[in-house]
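Okay, structure first, notes after.
The values are calculated or read from the model by the stated rules, or taken from the named source; none is laboratory data. Because the structure is a prediction, the values reported are computed rather than measured. Virtual Cβ from ideal backbone geometry, glycine too; neighbours counted across all protein chains shown.
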Amino acid sequence: MRTSIPLKLRISEAVAYRVYDEFEEADVSQEKEGYCIVETSLQEGEWLYSYLLSYGAALEVLEPSDVREELMKRIQSMLGVCRKNQ
């Protein structure tokens, strides 16, 4: 059984339509700088990272730090593949 982990995400208002389609309104707050803060829980595992990556540069993982670090590792790996195939 997979466990849900609490997440705090900073997401650009440019994709606010997704934020309000995919998260409970109570989990979303607005920042003055044009970002939404989402505090939610999602199931950990491969799906989580694929989902977070689907937001591209519009998303920043604020918490937890281990999810943030793993996401950065995956982005670096993707970048390495792209550079290798140039």
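Of all residues in segment 31-45, which are modelled with pLDDT under 95 and either loosely packed, with under 15 Cβ neighbours inside 10 Å or on the phi > 0 side of the Ramachandran plot (or both)?
Result: Glu31, Lys32, Glu33, Gly34, Gly45.
Can you tell me which residue within segment 53-64, out of those that are within 19 Å of Ile5 (Cβ to Cβ) and touching a residue at least 40 places away in the same chain (Cβ under 8 Å), is surrounded by the most Cβ atoms within 10 Å (Cβ to Cβ)?
Out of the qualifying residues, it is Leu59.
Among the residues of segment 4-41, how many are out of contact with any Lys or Arg (no Cβ under 9 Å at 6 or more places or on another chain) and either assigned to a strand (DSSP E or B) or under 20 Å from Pro64 (Cβ atoms) (or both)?
Of the residues in segment 4-41, 17 are out of contact with any Lys or Arg (no Cβ under 9 Å at 6 or more places or on another chain) and either assigned to a strand (DSSP E or B) or under 20 Å from Pro64 (Cβ atoms) (or both).
Out of Leu79, Leu48, which single residue is within 13 Å of the chain's Cα centre (by Cα) and either in a strand (DSSP E or B) or on the phi < 0 side of the Ramachandran plot (or both)?
Of Leu79, Leu48, the one residue that is within 13 Å of the chain's Cα centre (by Cα) and either in a strand (DSSP E or B) or on the phi < 0 side of the Ramachandran plot (or both) is Leu48.
Could you check segment 5-30 and list, in sequence order, the residues that are touching a helix residue (DSSP H, G or I) at 6+ places or on another chain (Cβ under 7 Å), small (Gly, Ala, Ser) and crowded, with 16+ Cβ neighbours inside 10 Å?
Within segment 5-30, Ser12 is the sole residue that qualifies.
Within segment 65-76, is even one residue closer than 16 Å to Ser4 by Cα, in contact (Cβ under 8 Å) with a residue 40 or more places away in the chain and surrounded by 13 or more Cβ atoms within 10 Å (Cβ to Cβ)?
Checked segment 65-76: at least one residue is closer than 16 Å to Ser4 by Cα, in contact (Cβ under 8 Å) with a residue 40 or more places away in the chain and surrounded by 13 or more Cβ atoms within 10 Å (Cβ to Cβ).
For residues that are assigned to a loop (DSSP other than H, G, I, E, B) and either over 16 Å from Arg18 (Cβ atoms) or at pLDDT below 95 (or both), tally how many sit in segment 51-76.
Residues that pass the stated criteria total 1.
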